[in-house]
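Scroll down for the structure; my scribbles are underneath it.
The values are calculated or read from the model by the stated rules, or taken from the named source; none is laboratory data. As the structure is a prediction and not an experimental result, all values here were calculated from the model. Using ideal geometry, Cβ is built from the backbone for each residue, glycine included, and neighbour counts are taken over all protein chains shown. Heads up: the accessible areas ignore ligands, DNA and RNA and are worked out on the full protein's heavy atoms, side chains in. Shrake-Rupley method; radii C 1.70, N 1.55, O 1.52, S 1.80 Å.
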Amino acid sequence: MTKKRYSNLRAVMAVLIISLGIIPFAMATPEEAPTCREGQPITSNNYDALLWYRNSAERKALYRQIFNDALDQIEYTVTEDKLKSKTWGVIFGLDGTLLDISGNYLNNTNRCIDGDPETKNQFIIESAVSATPGAKEITCGIQKLGGYVVIVSDVVGSGENGTILQQQTKANLSRLKICYDNILFTNNQYDTDKNIRFTAVNAGDYENVISSRKLPPIKVIAYLGSNIEDIPNFKQATAKNLSADSPELEDFGDRYFLLPNPLFGVWQNNRLK
């Protein structure tokens, strides 16, 4: 009898919740719980992250601050080490580092905030991307110092569609007046380890990678990205467990520079603790 009354009470509560227009998140499984209501991007899980990234003063200031500090450090290294022109370079990530693709998260049919590879590709092809704050200044500044600007991208460059994406990526960079000397693309969607391409840049060996140009071997003096795996030999799975004072983090601010990116990245595979 007690169980029967408890079941009836749950049924009444469910009717009241539905009639009042309240979404019963507590009663839904994770698979059933809605994350976004059509036409209301504010109901999406990533709304605050996108709001901060696209519309906050802090994001603009942080990008300029990090790029300015990086360029100062690069100039110091070139002078201190007496590096000759066209013997050294800097490696950049692309999306979230030099190119702002955040509009893609508002560009799908129901205007919920979501990142989808296919819509991102279309976003690139339609030239809807913009430059991140300070991207033009730092890349062109490096070239003026005598260095190569090399971009190691996550864009798949193989196949017919890859050829189109290669061409459009170059066109977007030129349109935005971002200076660069070479772009390395991925061979396929599973080619996520950038260390192979980092090695190719250092060695001048482009046999097994897709690149817009073959450069001679260069000394890479700085890496900039928005993902910890844009930095050589760092993996999210292990780097997340480093202590804040770990010696492995000492090169950040000297050779390694990371831009804030709350929208996408390998960090999304982590679990909140």
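Quick look at the numbers
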item: Looking only at region 158-196, and only at residues there that are of a type in the set (D, E, K, R) and open to solvent by 60 Å² or more (accessible area, probe 1.4 Å), the one that is farthest from Lys86 (Cα to Cα); result: Glu160
item: Of the criteria (1) open to solvent by 10 Å² or more (accessible area, probe 1.4 Å); (2) among the polar types (S, T, N, Q); (3) not in a helix (DSSP H, G or I), which one Thr199 fails; result: (3)
item: Counted residues, region 212-228 - those being under 17 Å from Gln143 (Cβ atoms), assigned to a strand (DSSP E or B) and touching a Gly at 6+ places or on another chain (Cβ under 8 Å); result: 4
item: Residues (of a type in the set (Val, Ile, Thr), free of Cβ contacts under 8 Å to residues at least 60 places away in the same chain and part of a loop (DSSP other than H, G, I, E, B)) located in region 57-105; result: Ile101
item: Residue in region 237-263 that is farthest from Leu62 (Cα to Cα), counting only those that are open to solvent by less than 50 Å² (accessible area, probe 1.4 Å) and touching a residue at least 60 places away in the same chain (Cβ under 8 Å); result: Leu263
item: When residues of region 123-143 are limited to those that are within 17 Å of the chain's Cα centre (by Cα) and part of a helix (DSSP H, G or I), the one modelled with the highest pLDDT; result: Ala135
item: Residue match in region 189-197 (condition: modelled with pLDDT under 95 and either hydroxyl-bearing (Ser, Thr, Tyr) or over 21 Å from the mean Cα position of the chain (by Cα) (or both)); result: yes
item: Test: residue in region 4-20 that is modelled with pLDDT under 60, surrounded by 11 or more Cβ atoms within 10 Å (Cβ to Cβ), outside any strand (DSSP E or B) and of a type in the set (Val, Ile, Thr); result: yes
item: Pick from region 144-157, criterion at pLDDT below 95 and open to solvent by 40 Å² or more (accessible area, probe 1.4 Å), ranking: nearest to Ile91 (Cα to Cα); result: Asp154
item: Qualifying residue in region 75-85 (condition: at pLDDT 75 or above, closer than 26 Å to Val149 by Cα and open to solvent by less than 10 Å² (accessible area, probe 1.4 Å)); result: no
item: Residue that is surrounded by the fewest Cβ atoms within 10 Å (Cβ to Cβ) [pool: residues in region 222-236 that are without any contact (Cβ under 8 Å) to a residue 60 or more places away in the chain and among the polar types (S, T, N, Q)]; result: Asn233
item: Residue in region 202-211 that is least open to solvent (accessible area, probe 1.4 Å), counting only those that are closer than 14 Å to Ser158 by Cβ and part of a loop (DSSP other than H, G, I, E, B); result: Val209
